[in-house]
1. Return the pairs, sorted by first residue and then second, in which the second residue is open to solvent by less than 80 Å² (accessible area, probe 1.4 Å), the first residue lies in the range 37-61 and is among the basic types (Lys, Arg), the beta carbons are less than 6 Å apart, and the residues are 6+ apart or on different chains.
2. Checking the conditions here, which among Val101, Val79 is under 22 Å from Gly22 (Cβ atoms), in contact (Cβ under 8 Å) with a residue 40 or more places away in the chain and buried (at least 17 other Cβ atoms within 10 Å of the Cβ)?
3. Of the residues in the range 104-151, how many are in a loop (DSSP other than H, G, I, E, B), over 26 Å from Asn18 (Cα atoms) and of a type outside the set (Gly, Ala, Ser)?
4. Taking Glu6 as meeting all but one of (1) assigned to a helix (DSSP H, G or I); (2) charged (D, E, K, R); (3) without any contact (Cβ under 8 Å) to a residue 60 or more places away in the chain, write down the number of the exception.
5. Within the range 113-128, can you find the residues that are surrounded by 24 or more Cβ atoms within 10 Å (Cβ to Cβ) and of a type outside the set (A, V, I, L, M, F, W, C)?
6. Going by the structure shown, is Gly110 free of Cβ contacts under 8 Å to residues at least 40 places away in the same chain, under 21 Å from Ala11 (Cβ atoms) and either open to solvent by 40 Å² or more (accessible area, probe 1.4 Å) or under 11 Å from the mean Cα position of the chain (by Cα) (or both)?
7. Identify all residues within the range 1-48 that are acidic (Asp, Glu) and crowded, with 17+ Cβ neighbours inside 10 Å; write none if there are none.
8. Answer yes or no as to whether Asp71 is within 15 Å of the chain's Cα centre (by Cα) and at pLDDT 95 or above.
Amino acid sequence: MIFSDEVLTLAATVIDANRAAGLTVVTAESCTGGLVAGALTEIAGSSDVVDRGFVTYSNEAKIESLGVSIDILDTFGAVSIAVAWAMAQGALKHSHADVAVAVTGIAGPGGGSEKKPVGTVVFALARRNDPECKIADTKFFGDLGRSEIRRQAVLCALQLLMPG
């Protein structure tokens, strides 16, 4: 099994809740490398809910696939609320989904700094027909190891995808 029972249970709940709400989702992932979309599509019947997923690991991919502005990347850095929000907006623009979740962060073991240490992960959620929905948050998981940081990020992203 690729995913833990905790991840699969939450993914199934997300699929069921969004199906019941008539919503489709898109993911825009950097540090999770497609694990959020992978967890969702591990659930039978997920095609009712999952429109697509973007793995935009490099800055170039964020620019080319999601339309993230180079100015935003240069000003705030890839691991920032501004970039996560732009990723979520870009995922909506380049899909047919109702809801987008974006994840960008530093899974380590290297790449951290004093201001953005390893374990810093930023999330954003955007809804197509709800411009007032502007959810973005930064989590500091700590240097738990690459796999655990990514697992925690997947759980947070899935929780954000629960219809509210």
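The values are calculated or read from the model by the stated rules, or taken from the named source; none is laboratory data. These figures come from a predicted structure and were not determined experimentally. FYI the Cβ positions are ideal-geometry reconstructions off the backbone, even for glycines, and counts take in every protein chain you see. In case anyone asks, the SASA skips ligands and DNA or RNA and just uses the protein heavy atoms, side chains included. Shrake-Rupley method; radii C 1.70, N 1.55, O 1.52, S 1.80 Å.
1. Qualifying pairs under 6 Å: Arg52/Val26; Arg52/Ser95.
2. So the residue among Val101, Val79 that is under 22 Å from Gly22 (Cβ atoms), in contact (Cβ under 8 Å) with a residue 40 or more places away in the chain and buried (at least 17 other Cβ atoms within 10 Å of the Cβ) is Val101.
3. Number satisfying all stated conditions: 10.
4. (3)
5. Within the range 113-128, just Thr120 meets the criteria.
6. It is false that Gly110 is free of Cβ contacts under 8 Å to residues at least 40 places away in the same chain, under 21 Å from Ala11 (Cβ atoms) and either open to solvent by 40 Å² or more (accessible area, probe 1.4 Å) or under 11 Å from the mean Cα position of the chain (by Cα) (or both).
7. Correct list: Glu29 only.
8. Values: within 15 Å of the chain's Cα centre (by Cα): no; at pLDDT 95 or above: yes.
When the stated conditions are applied, Asp71 does not pass them.
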